[in-house]
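To start, the structure under review is shown below, and the notes come after it.
The values are calculated or read from the model by the stated rules, or taken from the named source; none is laboratory data. Quick caveat: nothing in here was measured; it's all calculated off a predicted structure. Heads up, the Cβs are rebuilt from the backbone with ideal geometry, glycines too, and the neighbour counts pull from every protein chain shown.
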Amino acid sequence: MSSDQRYPYPQVFLVDEGGGQRQPVAPPNLIPCWSFPPVHESMRSRSKSRSCLGVSPSLFMVLLMMFLLVFAALGFEAWQILNIQKQLKAPEKVRQIKTVNTTHLVVISGLYKPETKVEEKKERPAAHVIGKISINKEPSKTLRWEPKTGQAFVSGGVSYRIQDGGLQVNESGVYEIYSRVELIFKDCGPASSFLHAVFLRREGLTSPQPLMEAHRSGFCPQHSAHSWTTENYLGAALQLKRLDIVYVNVSHPSFLSHSHYANFFGLYKI
């Protein structure tokens, strides 16, 4: 017969006739055994010591700390990226504030428009006039001009005087003054020459004041009796006063080229 070895055999006591108690005697041919906890109970205790994921608590805590460190590092990197983006956007805001401060804004019923300075509204004093073909047999040495033909114009308080061909300025200041003339000598020779000059007339002065002057000679080839074209250009920055009138003189006005754009005269305020 098989017996359940989880429980020990009961001890047997022998009692003699005298009523004395003897020492228990183990049954013959029996091997003593000791009780052990059931296998399924030990398995339960081991399973209870583990977590729901099948890992020990210490290993679970290590993994949790590693995940927390990874997420902390990712959060720190995102914070640094946001700070860098803010620093990059900061100069643009400063530039926008500077531009807003430089342009005075006028707010009218929710809308704004930049104020334009009074100086910007005014046109710069300037003029550019081109050569006028004269039909007179003996034209004046002081040249006349076309103030409205082609690219010619006058603006900003500068006026062209039809009666004498001068440009009058209505504001004092430094002006760039320039003039170009082109002459055609039909019988050009070694003695051919001409004078090109720019002068002004000013209130309180009886005689004209020279501003620029050029004397050209020796531009014709030796022993040549053919037509020859030559030119001269004058230009300088000069101080003018209000109501000054500037003129151009040429010693041989009859030799001037009939091309409008070959001869011109102008000035503008710097």
When residues of region 216-269 are limited to those that are of a type in the set (Ser, Thr, Tyr) and over 24 Å from Gly150 (Cα atoms), the one farthest from the chain's Cα centre (by Cα): Ser224
Out of region 127-145, which residues are surrounded by fewer than 18 Cβ atoms within 10 Å (Cβ to Cβ) and either of a type in the set (A, V, I, L, M) or at pLDDT 95 or above (or both)? Ile133, Ile135
Is there a residue being under 20 Å from Gly131 (Cα atoms) and not hydrophobic (A, V, I, L, M, F, W, C) anywhere in region 197-212? no
One residue from Gly204, Gly189, Gly165 being assigned to a loop (DSSP other than H, G, I, E, B), of a type in the set (Gly, Ala, Ser) and crowded, with 17+ Cβ neighbours inside 10 Å: Gly165
Per-region count, region 188-206, residues closer than 20 Å to Ser251 by Cβ and of a type outside the set (Gly, Ala, Ser): 9
Scanning region 150-176 residue by residue, the ones that are within 40 Å of the chain's Cα centre (by Cα) and either closer than 15 Å to Phe264 by Cα or not assigned by TED's automatic domain parsing to the domain that holds Met212 (or both) total 6
Considering only region 207-242, how many residues are small (Gly, Ala, Ser), closer than 23 Å to Phe255 by Cβ and either at pLDDT 90 or above or outside any strand (DSSP E or B) (or both)? 6
Is one or more of the residues making up region 246-253 at pLDDT 95 or above, exposed (fewer than 14 other Cβ atoms within 10 Å of the Cβ) and among the aromatic types (Phe, Trp, Tyr)? no
